[in-house]
Amino acid sequence: MKPSYNILVSLLFVLPFMAFGQNAAIDAAINKGNGADLSAYLADKVDVSILDQDASLSAAETVKSLSSFFSQNTVKSYKRAHLTPATNGRASYSLGDLSTSTGMYRVYLYYDAKQKISEIRVEK
């Protein structure tokens, strides 16, 4: 077998597990209410919409915004309800249910081509 073929076949088996690991880490960070743990998964610029407060923020500003939200809304649990892979030129996204001390929220995460979070929406 040619080396390039071996590499291609290996990637086909490894990449889905890498994506699964990333999604599990993102879910764990949200479940802990830890914005800082999400920083490794954020794009350089992130469109953030938290309870109708919309802004385009740097990754560092996004962490501050999420940390502020989490400090005011203590997380009880987070459960991802849906994950859609990128297909036909459309970005991948996930959505989940966030239970906090102040109620339930729906969290939408959209990913860019590098599988970094490029948009976060939190809605009541």
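Descriptive notes on the structure:
- Qualifying residue in the range 2-18 (condition: loosely packed, with under 14 Cβ neighbours inside 10 Å, in contact with a helix residue (DSSP H, G or I) (Cβ under 9 Å, 6 or more places away or on another chain) and either in a helix (DSSP H, G or I) or modelled with pLDDT under 90 (or both)): no
One line per residue, one yes/no per condition, for (1) surrounded by fewer than 18 Cβ atoms within 10 Å (Cβ to Cβ); (2) under 14 Å from the mean Cα position of the chain (by Cα); (3) not small (Gly, Ala, Ser):
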site: Gly33; (1), (2), (3): no, yes, no
site: Ser49; (1), (2), (3): yes, yes, no
site: Ala55; (1), (2), (3): yes, no, no
site: Ser65; (1), (2), (3): no, no, no
site: Asn73; (1), (2), (3): no, no, yes
site: Leu95; (1), (2), (3): yes, yes, yes
site: Lys114; (1), (2), (3): yes, yes, yes
site: Ile120; (1), (2), (3): no, yes, yes
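- Meets criteria (over 15 Å from Ala28 (Cα atoms) and modelled with pLDDT under 95) for Ala86: yes
- Among the residues listed as Ser67, Ser77, Ser49, Ser58, the single one being farther than 23 Å from Gly103 by Cα and in contact (Cβ under 8 Å) with a residue 12 or more places away in the chain: Ser58
- Residue list for the range 75-93, filter: of a type in the set (Lys, Arg) and surrounded by 17 or more Cβ atoms within 10 Å (Cβ to Cβ): Arg80
- Just one residue in the set Lys45, Lys76 is over 18 Å from Gln115 (Cβ atoms), among the basic types (Lys, Arg), at pLDDT 95 or above and not in a helix (DSSP H, G or I); that residue is Lys76.
- Looking across the range 79-106 at every residue that is of a type in the set (A, V, I, L, M) and in a strand (DSSP E or B), the one that is farthest from Lys45 (Cα to Cα) is identified as Met104.
- Among the residues of the range 24-83, those identified as closer than 19 Å to Leu95 by Cβ and β-branched (Val, Ile, Thr) are Ile26, Ile30, Val46, Val48, Ile50, Thr62, Val75.
The values are calculated or read from the model by the stated rules, or taken from the named source; none is laboratory data. Not measured: the values here are computed from a predicted model. Don't worry about glycine lacking a Cβ; one is built from the backbone with ideal geometry, like all the others, and counts go over all protein chains shown.
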